[in-house]
Amino acid sequence: QVQLVESGGGLVQAGGSLRLSCAASGRSFSNYGMGWFRQAPGKEREFVEAISWSGGTTSYADSVKGRFTISRDNAKNTVYLQMNSLKPEDTAVYFCAAAGRPFGGTTTDVYVDWGRGTQVTVSS
């Protein structure tokens, strides 16, 4: 099992930037893929970005293409989500998740451990 703690959320104006961090502890961090998901009020949890165990493979949702970037530092057991050019529609609780395999991909069912989330609010 992996314990995940997100940080870095907050309130930002449209066009601004935030960097989310997710610190992991438990099973060996460098063995599994990581992902970021988000959930807005009244909506289902949706995929944002994913990264493989080595950082060599990433995938992202079309809605964040060119604006968000996922990265990881295996020495620090941490995954990041750099969010630029934020829009009001990016407002959501952001969750990081650890996959049960080297690359998790875009669906929630392959992620076995989840953080509690961090709120991101983008004002217009």
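The values are calculated or read from the model by the stated rules, or taken from the named source; none is laboratory data. What you see is a predicted model, and the numbers here were worked out from it, not measured in a lab. Reconstructed Cβ throughout: ideal geometry from the backbone, glycine too, with neighbour counts over all protein chains shown. Each accessible area value is taken on the protein alone, full model and side chains, heavy atoms only, with ligands, DNA and RNA left out. Shrake-Rupley method; radii C 1.70, N 1.55, O 1.52, S 1.80 Å.
In order along the range 38-51, phi translates into HN-Hα couplings of 9, 9, 8, x, x, 10, 6, 5, 10, 5, 10, 8, 9, 9 Hz, rounded to whole numbers, per the Karplus curve 6.51 cos²θ - 1.76 cosθ + 1.60 with θ = phi - 60° and x for Gly and Pro.
If I compute solvent accessible area with a 1.4 Å probe over the protein chains, what percent of it on the range 64-124 is carbon and sulfur? Could the numbers behind the result be given before it?
Working: 1350 of 2870 Å².
Result for the range 64-124: 47 percent of the exposed heavy-atom area is carbon or sulfur.
For the range 62-116, the dipole from Cβ point charges (+1 on Lys and Arg, -1 on Asp and Glu) about the Cα centre works out to 160 debye, to the nearest 20. A simple charge model with +1 on the Cβ of Lys and Arg, -1 on the Cβ of Asp and Glu and nothing else charged puts the dipole of the range 1-118 at about 180 debye relative to its Cα centre. Taking Cα centre as origin and charging only the Cβ of basic (Lys, Arg, +1) and acidic (Asp, Glu, -1) residues, the dipole magnitude of the range 25-82 rounds to 100 debye.
Could you give the accessible area per residue of the range 83-124, probe 1.4 Å, as a whole number in Å²? Walk me through the intermediate numbers first.
Numbers: 1950 Å² over 42 residues.
For the range 83-124, the per-residue accessible area is 46 Å².
Between ALA24, PHE68, THR108, the Cα set farthest toward the positive side of the dipole of the chain (charges on each charged residue's Cβ, about the Cα centre) is that of ALA24. Note: relative contact order over the chain, using C-alpha pairs below 8 Å and six or more positions apart, is 36 percent. The residues of the range 24-79 have, on average, 51 Å² of accessible surface per residue, using a 1.4 Å probe with all protein chains present.
Which translational diffusion coefficient, to the nearest whole µm²/s, is obtained for the chain from the Stokes-Einstein equation, given a Kirkwood hydrodynamic radius over C-alpha pairs, 4 °C and 1.567 mPa s? For these conditions, the coefficient is 92 µm²/s. A cut-off of 5 Å between modelled amide H atoms, ignoring neighbours fewer than 5 places along the same chain, links GLY117 with GLU6, CYS96.
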